[in-house]
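Colleague: Okay, handing you the structure first.
The values are calculated or read from the model by the stated rules, or taken from the named source; none is laboratory data. Source: prediction; values computed, not measured. Neighbour counts are summed over all protein chains in view; Cβ atoms, including those assigned to glycine, are modelled from backbone coordinates with ideal geometry.
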Amino acid sequence: MIAGRGFAAAAAILLAVAGAAIPAAAQTWPTRPVTMVVPFPPGGGTDVLGRIVGRRLSEILGQQVIIENVGGAGGMIGSNRVARAAPDGYEFVLGSRADAINQTLYKHPLYNLKEDLAPVILVADQPMAMIARHDLPVDGLQNFIAYVRKNQATMRTGSAGIGSTGYVDCALFNQAIGVKVQDIPYRGGGPALQDLYAGQFDYFMTLSPTAVPPIQNGQVKGLAVFRRDRLPSLPSLPTSIEQGMDFEASTWFAFFFPKGTPAAIVNKLHDATVAAMETPALQEQLVTTGTFVVPPQHRATAYLQSIIGPEIEKNGAPLRAAGMSIE
C-alpha cells in the first residue's frame, strides 16, 4: 500500500513538472528553426506568398522559417501533415480557401478543418486571373468566351490540381458560360504554367502571383482579373466586371498550427505575422505580385476562427450545386 502511494505521488510530480514545462517551452519559443508547410509545389501563388512572408518572419522570430513544399490533393496532403504533427509550435501550414473547398469537394477529406487545425491569423488575399497560351487567337474576355463556346470540344484547361481554388473556379467559370472543357490537373500552379508556355493546354485560371510575371513578360495572354478593381501590378488588365461578366473569385491565406498548440505559441506567431505584414518593404513586394494584405480588423485569431465554418459552407454550396465531388 505504501509503495502504491509512493508511485502515485511520483506520477503526480511528473505530471506537474510536465505541465509546468509546456508553458515554459511556449514562453521561450522558438529555440530552433520552424517549418512552414506550403501545401503546393514551388512557383505558384501560395509558394510565392509563403516565401515572401517567411523571410520576414525569420528576421522577427530570430529563427529560420524553413519553407517545405508538400503538394498533392489540392493542398490537402500538406495541411493534413500539419494536422497530424506534434503541437509544439515547430510546424505550421500556410492554409487557404482550398482547405475550405476540400471539406466538401472530397467525400472523405483527410482532416477536419474546424477540428484538427488551430487558427493563427488571416494573412492575405489573392484574386484569380484568367490567362491563355500566347498564341490563342482571342482578345479580351468576351471574345475569349465566344471562342471557347465554339471550340470547347478540342480545347483543354490546366489547373494547380484537383481541389485547388483555380480548378474549382475554372469549373464554375466554364459552367457559367455554358461549356465543358477537359482539365489537365497538375501538382501546382508552377508546373502548370510551364506547360501553358509550351502550348500543352489552352487556358488557366490561376492565382494572381502566378499570372503577373508571365503577363508582364509577354509569355501568356492576360484575359481578365476576377475582382472589382484592377491589379496595381497589371493596370492594363481589365477586370471581369469591366468586361461585362459579374464573376469574382479570390483566395484567402492563413496560418494554422496543429490542434493543441499552446496559446502562448499561437499568440507569438500571430504577433510576429502582424509585425511582418506591417513592414512597408513586404507590403510592396506583395503588391507587385498581385497579393493584398488583409486589413487590421481581420487579423485577430478569433476572426479567422469565426470564418472557417461559413467559408466551408460558402465554398461547398456551389460545389454541391454543380455536382462536383471526389472520392
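Colleague: Ala124 fails exactly one of the following numbered conditions: (1) in contact with a Pro (Cβ under 8 Å, 6 or more places away or on another chain); (2) assigned to a strand (DSSP E or B). What is the number of that condition?
Modeller: (1)
Colleague: Pick out the one residue from Pro214, Pro137 that is touching a residue at least 40 places away in the same chain (Cβ under 8 Å) and either touching a helix residue (DSSP H, G or I) at 6+ places or on another chain (Cβ under 7 Å) or not assigned by TED's automatic domain parsing to the domain that holds Thr288 (or both).
Modeller: Details: Pro137 fails: touching a residue at least 40 places away in the same chain (Cβ under 8 Å).
Just a single option satisfies the conditions, and that option is Pro214.
Colleague: Which is at pLDDT 95 or above, assigned to a helix (DSSP H, G or I) and under 19 Å from Thr210 (Cα atoms), of Arg56, Arg51, Arg81? Please lay out each step first, then the result.
Modeller: Values: Arg56 fails: under 19 Å from Thr210 (Cα atoms); Arg81 fails: under 19 Å from Thr210 (Cα atoms).
After applying the criteria, what remains is Arg51.
Colleague: Just checking, which of Ala100, Ala83, Ala132 is within 23 Å of His298 (Cβ to Cβ) and not charged (D, E, K, R)? Step through it out loud before you land on a result.
Modeller: Details: Ala83 fails: within 23 Å of His298 (Cβ to Cβ); Ala132 fails: within 23 Å of His298 (Cβ to Cβ).
Going through Ala100, Ala83, Ala132 in turn, the sole match is Ala100.
Colleague: Please verify whether Thr104 is in contact with a Phe, Trp or Tyr (Cβ under 9 Å, 6 or more places away or on another chain) and either more than 22 Å from Lys314 (Cα to Cα) or in a helix (DSSP H, G or I) (or both), treating the condition exactly as stated.
Modeller: Values: in contact with a Phe, Trp or Tyr (Cβ under 9 Å, 6 or more places away or on another chain): no; either more than 22 Å from Lys314 (Cα to Cα) or in a helix (DSSP H, G or I) (or both): yes.
Criteria not met by Thr104.
One line per residue, one yes/no per condition, for (1) among the aliphatic types (A, V, I, L, M); (2) more than 22 Å from Thr206 (Cα to Cα):
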| site | (1), (2) |
| --- | --- |
| Val34 | yes, yes |
| Val38 | yes, no |
| Gly43 | no, no |
| Gly50 | no, no |
| Gln63 | no, yes |
| Ala85 | yes, yes |
| Arg97 | no, no |
| Lys114 | no, yes |
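Colleague: Sort out for me the helices (runs of 4 or more DSSP H) sitting completely within region 255-327 that have 2 or more residues that are under 17 Å from Asn102 (Cβ atoms). Steps first, answer last, please.
Modeller: Numbers: elements: 263-277, 280-289, 301-322.
Hits in region 255-327: 301-322.
Colleague: Do any helices (runs of 4 or more DSSP H) lying entirely in region 140-231 carry at least 2 residues that are buried (at least 21 other Cβ atoms within 10 Å of the Cβ) and aromatic (Phe, Trp, Tyr), and which ones are they? Even if it seems obvious, please write down each step before you answer.
Modeller: On the way: elements: 141-151, 165-177, 189-197, 208-216.
By residue number, 165-177.
Colleague: Inspect all residues belonging to region 82-95 and state whether any of them is surrounded by 19 or more Cβ atoms within 10 Å (Cβ to Cβ), of a type in the set (Asp, Glu) and within 16 Å of the chain's Cα centre (by Cα).
Modeller: No, region 82-95 contains no residue that is surrounded by 19 or more Cβ atoms within 10 Å (Cβ to Cβ), of a type in the set (Asp, Glu) and within 16 Å of the chain's Cα centre (by Cα).
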